[in-house]
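A.B. asks: The structure's right below; bear with me while I get my questions together.
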Amino acid sequence: MKYWLMKSEPDVFSIDTLKSKNTSGWDGVRNYMARNYMRDNMKMGDLIFFYHSSCEIPGIAGIAKVSRESHPDPTQFDSKSDYFDPKATKETPRWFMVDVEFVEKFTSIITLSTLKSIKELEKMPLVQKGSRLSINPVTEQEFQTIISLKNS
DNA sequence: GCCAACGTTGGC
DNA sequence: GCCAACGTTGGC
């Protein structure tokens, strides 16, 4: 099993939105590296840190898991969607997504500021300057370190 | 709202 | 294939 971190703007899609829906397609990703992680590397049961970005208190809000592996992101075919891609066709889709399922909402957010203060996490792209990728792999050690912060 | 960092586009 | 221009991300 592998571990991941996925960013979402809570104004658009938050951990509470996922909790209320239980599962959701992770649509709207329009970056090739992030797409490749979803298309090629994210497998059933992989655990995901759900990160809130571009908000008052950026940080990890909870955990989700992969509940369906790669399939075409339907928003690329929808001309009314913000994520419409005129170059994508159903025969040769350009954008792929996984579905994720709610696992847990933390009682309090593990803030970016906290994550930045932990020596063991300094290699995470998240805490490095200029890192914008919305999906990143997380190592087992990083996962355990972050989980241990949950109740402290 | 600012702006650094980065990805993408398109002319050549 | 280079690279300048542009658009976007996302913390602050």
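A.B. asks: Subtract the Cα-Cα distance of A:Lys129 and A:Asn31 from 0.36 nm times their separation in residues, and report this length gain in nm to one decimal.
C.D. replies: Difference between extended and current length: 33.4 nm.
A.B. asks: From the protein chains alone at 1.4 Å, what is the descending order of accessible area for A:Glu69, A:Glu91, largest first?
C.D. replies: These residues rank, largest area first, as A:Glu91, A:Glu69.
A.B. asks: Between segment A:74-152 and segment A:18-44, what's the alpha-carbon centroid distance in Å?
C.D. replies: After rounding, the separation between the Cα centres reads 9 Å.
A.B. asks: Per the 1.4 Å probe, what fraction of the accessible area of chain A, in percent, lies on carbon and sulfur atoms?
C.D. replies: 49
A.B. asks: Now for a separate question. Take every Cα pair under 8 Å in segment A:63-152 that's 6+ residues apart, average their separations, divide by the length, and report that relative contact order as a whole percent.
C.D. replies: In percent, rounded to a whole number, it is 25.
A.B. asks: Top to bottom by accessible area (1.4 Å), largest first, where do A:Glu140, A:Glu120 land?
C.D. replies: Highest to lowest solvent-accessible surface, that is A:Glu120, A:Glu140.
A.B. asks: Just the accessible area for A:Ile147, please: 1.4 Å probe, Å², rounded to the nearest 10?
C.D. replies: Result for A:Ile147: roughly 50 Å² accessible.
A.B. asks: Please sort A:126-133, A:5-12 by packing, taking for each peptide the average over its residues of neighbouring beta carbons within 10 angstrom, highest first.
C.D. replies: A:5-12, A:126-133
A.B. asks: Given the DSSP H assignment, sum -39500 (n - 2.57) over each helix run of at least 4 residues in chain A and divide by its residue total; what's the result at 222 nm in deg cm²/dmol, nearest 500?
C.D. replies: Calculated from helices alone, the mean residue ellipticity at 222 nm is -4500 deg cm²/dmol.
A.B. asks: Here's something else I'd like to know. Would you be so kind as to identify which of A:Thr111, A:Val127, A:Thr92 lies farthest towards the positive end of the dipole of chain A, taking Lys and Arg as +1 and Asp and Glu as -1 on Cβ and the Cα centre as origin?
C.D. replies: Farthest towards the positive pole: A:Val127.
A.B. asks: Return one whole number: the accessible area per residue of segment A:1-87 in Å², for a 1.4 Å probe.
C.D. replies: 51
A.B. asks: Next question. How compact is segment A:88-134 by the rule of thumb for globular proteins, expressed as Cα Rg over 2.2 N^0.38 Å?
C.D. replies: Here the Cα radius of gyration is 1.75 times the empirical estimate.
A.B. asks: Can you tell me the equivalent ellipsoid semi-axes for chain A? Use √(5λ) from the Cα gyration tensor, largest first, whole Å.
C.D. replies: 27, 15, 15
A.B. asks: Could you calculate, for segment A:1-81, the ratio of the Cα radius of gyration to the Kirkwood radius, expressed as Rg to Rh?
C.D. replies: My calculation puts Rg/Rh at 0.95.
A.B. asks: Whole-Hz ³J(HN,Hα) for each residue in segment A:10-17, computed from phi via Karplus 6.51 cos²θ - 1.76 cosθ + 1.60 with θ = phi - 60°, x for glycine and proline: what do you get?
C.D. replies: Coupling constants for segment A:10-17: x, 5, 9, 8, 10, 4, 5, 4 Hz.
The values are calculated or read from the model by the stated rules, or taken from the named source; none is laboratory data. This structure is a prediction, so every number in the text was calculated from the model and none was measured. FYI the Cβ positions are ideal-geometry reconstructions off the backbone, even for glycines, and counts take in every protein chain you see. Calculation scope for accessible area: heavy atoms of the full protein, side chains included, ligands and nucleic acids excluded. Shrake-Rupley method; radii C 1.70, N 1.55, O 1.52, S 1.80 Å.
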